[in-house]
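Trainee: Can you read through this structure? Questions will come right after.
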Amino acid sequence: MNIVFHFGRYFIMMYRVFSKPEKFGIYRENTFKEMISLGIGSMGIVAIISLFMGAVITIQTASNIDSPWIPSYTVGFTTRQSVILEFSPTIIALILAGKIGSNIASEIGTMRVTEQIDALEIMGINSASYLTLPKIIAALFINPFIIIYSMFLGMFGGWIVAISTGIVTSNQYIYGIQYDFKPFDITYALIKTVVFAFVITSIPAYHGYYTRGGALEVGRSSTRAVVYSSIAILVVNYLLTQLLLI
């Protein structure tokens with residue numbers, strides 16, 4: 001029953017979030033601020049993780065190819081498929097759930113326990129929409145660019161390792177990157193990205209919004225936000241893969 005209660009309260013909150021805003025100008029300004037905070041602020045960690053994961057995928061693929069019948073360009077092909085289909089959209093989303101989700105939950109949770117949200121309600125402002133909608137819109141817009149950026153860096157990291165270690169030549173790796181490329185793979189990855197962007201902003205906002213107690217409860221809400229966002233991402237990833245690829 002507790003799960004049903006939280007599901008119901010979550011959807012009621014989302015109804016409030018997407019209600020007509022009081023002033024579009026304020027929401028627009030807040031959305032741009034959130035794009036910088038949630039998007040630009042995550043570029044560094046995304047770049048580091050993508051470069052090294054692309055490099056690791058390339059090395060692991062090359063080390064497991066021990067048959068002369070398997071062409072060398074398979075290394076580039078496998079790196080591309082792994083990065084585009086799963087690593088960039090899903091693993092980066094899980095990382096952002098930890099970084100962005102905990103930030104959102106703690107920010108809104110602190111506003112709740114310090115009664116700032118109550119003050120907004122007294123002033124006649126739809127606090128759920130005012131605090132959450134700009135974050136959701138910002139993530140829906142900026143996250144696809146972050147994931148494309150991650151895809152490029154992942155394959156670039158693999159290329160650097162390939163030519164620096166000599167496991168495959170540059171031409172073989174690039175040929176593998178281009179081999180049998182399906183544009184729908186990018187579409188599939190971006191569809192997942194948009195859904196994950198909604199998950200990693202709305203679920204932490206929910207947990208932060210309904211925080212009760214003091215500073216200790218803010219920390220617990222932040223932890224729950226990351227855990228439930230990560231679980232939701234894995235479940236949604238399975239469902240979208242089942243719907244779009246099979």
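The values are calculated or read from the model by the stated rules, or taken from the named source; none is laboratory data. Predicted model, so just to flag it, every value in this text is computed and none were measured. With ideal geometry, Cβ positions are generated from the backbone for all residues, glycine too; neighbour counts draw on all protein chains shown.
Trainee: Among the residues of segment 125-141, how many are under 18 Å from Lys99 (Cβ atoms) and surrounded by fewer than 21 Cβ atoms within 10 Å (Cβ to Cβ)?
Mentor: 2
Trainee: Hey, another quick one. List every residue pair whose Cβ atoms lie under 6 Å apart, where the two residues are 6 or more positions apart in sequence or sit on different chains, the first residue falls within segment 56-78 and is among the charged types (D, E, K, R), and the second residue, located anywhere, is surrounded by fewer than 17 Cβ atoms within 10 Å (Cβ to Cβ) and at pLDDT 85 or above.
Mentor: So the pair list comes out empty.
Trainee: Could you say whether any residue in segment 192-199 is at pLDDT below 90 and either within 25 Å of Ile48 (Cβ to Cβ) or β-branched (Val, Ile, Thr) (or both)?
Mentor: There is no residue in segment 192-199 that is at pLDDT below 90 and either within 25 Å of Ile48 (Cβ to Cβ) or β-branched (Val, Ile, Thr) (or both).
Trainee: Ok, one more. Of the conditions (1) under 30 Å from Ile167 (Cα atoms); (2) among the small types (Gly, Ala, Ser); (3) surrounded by fewer than 18 Cβ atoms within 10 Å (Cβ to Cβ); (4) within 24 Å of the chain's Cα centre (by Cα), Gly41 clears all except one; give me its number.
Mentor: (1)
Trainee: Find the residue count for segment 85-116, including only residues that are surrounded by 24 or more Cβ atoms within 10 Å (Cβ to Cβ) and under 21 Å from Ser150 (Cα atoms).
Mentor: Number of matching residues: 8.
Trainee: Kindly provide the set of residues from segment 1-44 that are over 18 Å from Ile104 (Cβ atoms) and either assigned to a loop (DSSP other than H, G, I, E, B) or in contact with a Ser or Thr (Cβ under 6 Å, 6 or more places away or on another chain) (or both), ordered by number.
Mentor: Once the filter is applied, which keeps residues that are over 18 Å from Ile104 (Cβ atoms) and either assigned to a loop (DSSP other than H, G, I, E, B) or in contact with a Ser or Thr (Cβ under 6 Å, 6 or more places away or on another chain) (or both), segment 1-44 yields Met1, Ser19, Lys20, Pro21, Glu22, Lys23.
Trainee: Out of curiosity, is Ser72 more than 24 Å from the chain's Cα centre (by Cα) and on the phi < 0 side of the Ramachandran plot?
Mentor: Spelling it out, Ser72 is indeed more than 24 Å from the chain's Cα centre (by Cα) and on the phi < 0 side of the Ramachandran plot.
Trainee: Ok, one more. With respect to Ile142, is the statement that it is under 19 Å from Asn30 (Cα atoms), at pLDDT below 95 and of a type in the set (Val, Ile, Thr) true?
Mentor: It is true that Ile142 is under 19 Å from Asn30 (Cα atoms), at pLDDT below 95 and of a type in the set (Val, Ile, Thr).
Trainee: Something else about it: Considering Gly166, Gly157, which residue is closer than 30 Å to Thr74 by Cβ and free of Cβ contacts under 8 Å to residues at least 60 places away in the same chain?
Mentor: The match here is Gly166.
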